[in-house]
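Here the structure comes first, spelled out in structure tokens, and everything after it is commentary.
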Amino acid sequence: MRPTQQARSRETRDRLVRALDTKLREKAFADVTIAELADAAGLSVGAVYRRFENKDAFIPVIFELYRERLEIFMAGEGRLEIEPAEGLRAALHAACRTGWRFLDQHGYLVRAAHIYSRLRPDLIGDDWEAMLDQARESAKSLLDVFGDEVKRTDRAEAAQMFTYLMNTLPIERAIYPDEGAAAVLTLGEEQFVAAIADTLYGYLVTPDRAQPDG
């Protein structure tokens, strides 16, 4: 492909990625049509199909957008500055507030990514697992900073549970506020985020149960 053709192809793709981002802010991916994407991108439907075989081919783009926004967020306003002297509980509250800010800004992408990580895992490869692995490593680093406070002896297990709770409790409320268990919540957002932090704190500082003999 010639440089000018490559540039045009890249420009077409970029326009479609921006169009997808715009439409996902308005509705679920399942309800977005190729015609709507073409219109939002200022392209013909035929031009869309020349770049993407079908609508499912946009699913990896959802994860591309999600990763991009997360990386930008974590490198900027989402950068977490831990103050060991303030203790584990304060660090957890700061981490939960930071996570909630990302969900508040990009919940539409998180919802789409979560749905299609389950419905079409074949289209996202190992990307989702890689993101979770990174989250577990970050959790381990946080627990190491507060090693004197954390009472869980199996740090790998504690990091797994920390990652699970941090990626389940807020996401459930943020992207499914009126569905499932989240529908019972009447707490305001600040109270809810603080409650998650305290839940994590309670788990981490509670000593392991004594294991039965045999």
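If I model a spin label at Glu189 and Ile82 as a point 7 Å from the Cα along the Cα→Cβ vector, what separation in nanometres do I get?
2.6
Calculate the spin-label point distance for Asp154 paired with Glu137, positioning each point 7 Å from the Cα along the beta-carbon direction, and give it in nanometres.
Label-label distance for Glu137 and Asp154, simple model: 2.3 nm.
From the P(r) of region 67-173, could you give the percentage of C-alpha pairs in the tail past 16 Å? Present the calculation step by step, with values, prior to reporting the outcome.
On the way: 3559 of 5671 pairs.
Summing the P(r) tail past 16 Å for region 67-173 gives 63 percent.
Can you list the HN-Hα couplings for region 68-79, worked out from phi with the Karplus curve (6.51, -1.76, 1.60; θ = phi - 60°), rounded to whole Hz and with x for Gly and Pro?
4, 5, 5, 5, 5, 5, 5, 7, x, 5, x, 5
Just one of (i) 130; (ii) 171; (iii) 115 is volume of the Cα convex hull per residue in Å³ as worked out from the coordinates here. Which one is it?
Recomputing volume of the Cα convex hull per residue in Å³ here picks out (ii).
What are the ³J(HN,Hα) couplings of region 17-28, residue after residue, when phi is run through the Karplus curve with 6.51, -1.76, 1.60 and θ = phi - 60°? Round to Hz, x for glycine and proline.
5, 5, 5, 4, 4, 4, 5, 5, 6, 9, 7, 5
If R₀ is 22 angstrom, what is the calculated FRET efficiency for the pair Leu123 and Met74, using the beta carbon separation as r and rounding to 0.05? Intermediate results must be reported in sequence, preceding the final value.
Details: r = 24 Å, r/R0 = 1.11.
After rounding to 0.05, the efficiency reads 0.35.
For the pair Asp144/Ala130, report the inter-label distance in nm, with labels modelled 7 Å from Cα in the Cβ direction.
Here the modelled spin labels are 2.2 nm apart.
In whole percent, what relative contact order does region 102-214 give with Cα contacts below 8 Å and a gap of six or more residues?
33
For region 44-84, with only Lys/Arg (+1) and Asp/Glu (-1) charged at the beta-carbon, what is the dipole magnitude about the Cα centre, in debye rounded to 20?
Its charge dipole is roughly 360 debye.
Before rounding to the nearest 500, sum -39500 (n - 2.57) across all DSSP H runs of length at least 4 in the chain and divide by the residue total; then give [θ] at 222 nm in deg cm²/dmol. Mind showing how you got there, number by number?
On the way: 9 runs with 143 residues, N = 214.
Rounded to the nearest 500, the figure is -22000 deg cm²/dmol.
Over the chain, with a Gaussian network built from C-alpha contacts below 10 Å, which listed residue (Gly180, Gly125, Gly42) shows the highest mean-square fluctuation?
Evaluated over the chain, the most mobile residue of the options is Gly180.
Determine, from the Cβ-Cβ distance of Asp208 and Arg18 and an R0 of 41 Å, the FRET efficiency 1/(1 + (r/R0)^6), rounded to the nearest 0.05.
Values: r = 50 Å, r/R0 = 1.21.
The computed FRET efficiency comes out at 0.25.
Per residue of region 56-61, what does 6.51 cos²θ - 1.76 cosθ + 1.60 with θ = phi - 60° give for ³J(HN,Hα)? Whole Hz please, x for Gly and Pro, Karplus curve as stated.
Couplings: 4, 5, 7, 4, x, 5 Hz.
Run the 1.4 Å probe and let me know the accessible area of Leu119, rounded to the nearest 10 Å².
Only protein atoms counted, so the area is about 110 Å².
Taking the Cα centre of the chain as the origin, how large is its charge dipole in debye, to the nearest 20, when only Lys and Arg (+1) and Asp and Glu (-1) carry charge on their Cβ atoms? Kindly include the intermediate steps, with their values, before the conclusion.
Values: 28 positive and 36 negative charges, 193 e Å.
Here the size comes out at about 920 debye.
Out of Leu103, Leu187, Leu70, any idea which swings most in a Gaussian network model of the chain, alpha carbons joined below 10 Å?
For the chain, modelled as a Gaussian network with Cα springs under 10 Å, the answer is Leu187.
The values are calculated or read from the model by the stated rules, or taken from the named source; none is laboratory data. As the structure is a computational prediction, the values presented were derived from the model and not from experiment. Here the Cβ is made from the backbone with ideal geometry for all residues, glycine too, and neighbour counts use every protein chain on show. Keep in mind that these areas ignore ligands, DNA and RNA; they rest on the heavy atoms of the full protein, side chains included. Shrake-Rupley method; radii C 1.70, N 1.55, O 1.52, S 1.80 Å.
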